[in-house]
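Asker: Sharing a structure here in structure tokens format.
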Amino acid sequence: MSSIFRRIMSFRKPKKILTRKDSITGRNHTFEVPYLSRLDGNQLQTGQSLIVRGYITGSDGFIVNLTSGPNVELDNDGNGTLDDRLLAIRVDIPKGRVYLNACIDNQWGKEAFIKQSYKDGDEFDIRIRCFDQHFEIYVEHKLIATFKHYVAMSNISHIYVQGDIRLYAVSWEGKLYTIPYSADIPGNFYVGRKLFVSAIADKKPKDFTIEFFANGEDIALQFSPSFVQKKTTRKSLLSGTWSSPETGHEGKIKFPFKAKRSFDVLVYASDEKFLIFVNDVLYCTYNHRLPADKIDKLIIQGDIQLIGVHIK
């Protein structure tokens with residue numbers, strides 16, 4: 001099998017930040033591995049992303065596989081036939097490496113790796129974005145490699161995860177979205193609802209905005225990170241007049257967004273204010289200027305690629 005990689009990039013582990021573990025972020029519940037799941041719906045589509053998040057419980061490592069079927073382990077006697085592993089991401093904790101490979105018709109390709117250190121107790125975030133000719137692989141929100149397909153992506157039917165970990169979430173997100181993105185909010189954005197936005201910042205981004213509209217022209221919240229100014233403003237537009245912008249933030253990180261990095265924004269409507277999380281860390285809050293249940297439309301625009309948008 002010829003070389004798997006179009007590109008491998010160096011990687012340094014970012015400073016560890018503790019995520020919030022409650023019912024808002026969903027990190028208060030975990031589940032065990034081995035984890036085997038069949039893909040829901042139709043075949044994988046260009047622009048879809050697999051997001052695997054969890055924390056490490058041992059010192060050996062773990063592996064994330066995209067397979068062509070449910071036969072992922074040999075029997076107790078070492079017998080059986082394994083389905084193809086169209087992509088295998090293997091984290092080796094003792095060696096401080098993440099290995100990438102594929103196995104087609106029982107033939108492994110040439111394994112390659114990037115340096116990455118994890119230890120027992122660390123959280124991890126691994127993402128695989130699908131394109132017609134290759135995968136893009138992100139580790140801790142940074143693009144580390146592109147991985148060329150050796151058989152059609154349509155052959156992938158299962159996800160298999162195993163190793164010294166517990167999982168917070170395994171999910172498929174989105175498609176190729178058009179920016180600006182606009183959508184009505186069925187039932188409105190009442191107290192208790194959550195907006196999830198997953199995206200990747202452009203190579204040379206200036207800014208992006210997430211806006212919640214109400215009553216036609218009013219904007220209950222405009223969340224606007226500026227990559228140029230390295231700050232995020234929040235404000236409202238009521239009866240044609242903008243409120244004074246707010247730029248304060250929680251914690252030590254003033255600006256958590258970086259060019260070419262993936263990120264998640266979660267906006268939660270509490271009784272009195274919005275709670276805004278970035279990568280499951282509380283980033284800022286914003287008091288309601290309008291009743292949350294009046295919010296009926298969402299617009300996202302700016303220098304980003306959307307991976308996923310959904311409301312619960």
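Conditions tested, residue by residue: (1) modelled with pLDDT of 95 or more; (2) among the polar types (S, T, N, Q); (3) under 30 Å from residue 32 (Cα atoms).
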residue: 182; (1), (2), (3): yes, yes, no
residue: 193; (1), (2), (3): yes, no, yes
residue: 211; (1), (2), (3): yes, no, no
residue: 220; (1), (2), (3): yes, no, no
residue: 223; (1), (2), (3): yes, no, no
residue: 244; (1), (2), (3): yes, yes, no
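Asker: Now a separate question. Just to check your reading of the model, which residue among 190, 177, 181 is among the aromatic types (Phe, Trp, Tyr) and either touching a helix residue (DSSP H, G or I) at 6+ places or on another chain (Cβ under 9 Å) or under 19 Å from residue 87 (Cβ atoms) (or both)?
Answerer: Details: 177 fails: either touching a helix residue (DSSP H, G or I) at 6+ places or on another chain (Cβ under 9 Å) or under 19 Å from residue 87 (Cβ atoms) (or both); 181 fails: either touching a helix residue (DSSP H, G or I) at 6+ places or on another chain (Cβ under 9 Å) or under 19 Å from residue 87 (Cβ atoms) (or both).
Exactly one residue qualifies, and that residue is 190.
Asker: From the list 190, 168, pick out the single residue that is in the same structural domain as residue 113 (by TED's automatic domain parsing) and among the aromatic types (Phe, Trp, Tyr). Even if it seems obvious, please write down each step before you answer.
Answerer: On the way: 190 fails: in the same structural domain as residue 113 (by TED's automatic domain parsing).
After ruling out the rest, the residue left standing is 168.
Residue-wise test of (1) touching a residue at least 40 places away in the same chain (Cβ under 8 Å); (2) surrounded by fewer than 19 Cβ atoms within 10 Å (Cβ to Cβ); (3) not hydroxyl-bearing (Ser, Thr, Tyr).
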residue: 151; (1), (2), (3): yes, yes, yes
residue: 154; (1), (2), (3): yes, yes, no
residue: 157; (1), (2), (3): yes, yes, no
residue: 161; (1), (2), (3): yes, no, yes
residue: 168; (1), (2), (3): yes, no, no
residue: 173; (1), (2), (3): yes, no, yes
residue: 177; (1), (2), (3): yes, yes, no
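Asker: Hey, does region 272-290 have a residue that's at pLDDT 95 or above, in a strand (DSSP E or B) and under 24 Å from residue 145 (Cβ atoms)?
Answerer: No, the conditions are met nowhere in region 272-290.
Condition check ((1) in contact with a Cys (Cβ under 9 Å, 6 or more places away or on another chain); (2) charged (D, E, K, R)) across all residues:
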position: 73; (1), (2): no, yes
position: 79; (1), (2): no, no
position: 84; (1), (2): yes, yes
position: 96; (1), (2): no, no
position: 99; (1), (2): no, no
position: 115; (1), (2): no, yes
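Asker: I would also like to ask the following. Going through region 291-312 one residue at a time, which ones are over 23 Å from residue 53 (Cβ atoms), part of a strand (DSSP E or B) and of a type in the set (A, V, I, L, M, F, W, C)?
Answerer: Narrowing region 291-312 to residues over 23 Å from residue 53 (Cβ atoms): 291-299, 301-303.
With part of a strand (DSSP E or B) added as a condition, the list becomes 295-299, 301-302.
Matches in region 291-312: 295, 298, 299.
Asker: Next question. Working only within region 291-307, note down all residues that are more than 14 Å from residue 237 (Cβ to Cβ) and either modelled with pLDDT under 95 or not small (Gly, Ala, Ser) (or both).
Answerer: From region 291-307, those more than 14 Å from residue 237 (Cβ to Cβ) are 291-293, 296, 298, 300-307; that's our starting set.
Residues satisfying the conditions are 291, 293, 296, 298, 300, 301, 303, 304, 305, 306, 307.
So that you can scan it fast, the table gives a plain yes or no per residue for (1) over 24 Å from residue 46 (Cα atoms); (2) small (Gly, Ala, Ser); (3) surrounded by fewer than 20 Cβ atoms within 10 Å (Cβ to Cβ):
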residue: 100; (1), (2), (3): no, no, no
residue: 107; (1), (2), (3): yes, no, yes
residue: 111; (1), (2), (3): yes, no, yes
residue: 120; (1), (2), (3): yes, no, yes
residue: 127; (1), (2), (3): no, no, no
residue: 132; (1), (2), (3): no, no, yes
residue: 136; (1), (2), (3): no, no, yes
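Asker: Here is a follow-up. How many of the residues making up region 180-206 are within 13 Å of residue 266 (Cα to Cα) and assigned to a strand (DSSP E or B)?
Answerer: Number satisfying all stated conditions: 6.
Asker: Mind checking which residues of region 207-243 are more than 19 Å from residue 263 (Cβ to Cβ) and either outside the structural domain of residue 253 (by TED's automatic domain parsing) or in a loop (DSSP other than H, G, I, E, B) (or both)? Talk me through it step by step, then tell me what you get.
Answerer: If we filter region 207-243 for residues that are more than 19 Å from residue 263 (Cβ to Cβ), which is where we start, we get 213-220, 235-243.
If the condition is that a residue be more than 19 Å from residue 263 (Cβ to Cβ) and either outside the structural domain of residue 253 (by TED's automatic domain parsing) or in a loop (DSSP other than H, G, I, E, B) (or both), then 215, 216, 217, 239, 240, 243 are the ones that fit.
Asker: Within region 283-290, does at least one residue satisfy the condition of being farther than 27 Å from residue 228 by Cβ, in contact (Cβ under 8 Å) with a residue 24 or more places away in the chain, assigned by TED's automatic domain parsing to the domain that holds residue 248 and surrounded by 16 or more Cβ atoms within 10 Å (Cβ to Cβ)?
Answerer: Going residue by residue through region 283-290, those that are farther than 27 Å from residue 228 by Cβ are 288, 290.
Among the residues that remain, those that are also in contact (Cβ under 8 Å) with a residue 24 or more places away in the chain are: 288, 290.
Then drop every residue that is not assigned by TED's automatic domain parsing to the domain that holds residue 248, which leaves 288, 290.
Add one more test, that the residue is surrounded by 16 or more Cβ atoms within 10 Å (Cβ to Cβ), and what stays is 288, 290.
Checking region 283-290: at least one residue is farther than 27 Å from residue 228 by Cβ, in contact (Cβ under 8 Å) with a residue 24 or more places away in the chain, assigned by TED's automatic domain parsing to the domain that holds residue 248 and surrounded by 16 or more Cβ atoms within 10 Å (Cβ to Cβ).
The values are calculated or read from the model by the stated rules, or taken from the named source; none is laboratory data. Because the structure is a prediction, the values reported are computed rather than measured. Cβ atoms come from the backbone with ideal geometry, glycine included; neighbour counts cover every protein chain shown.
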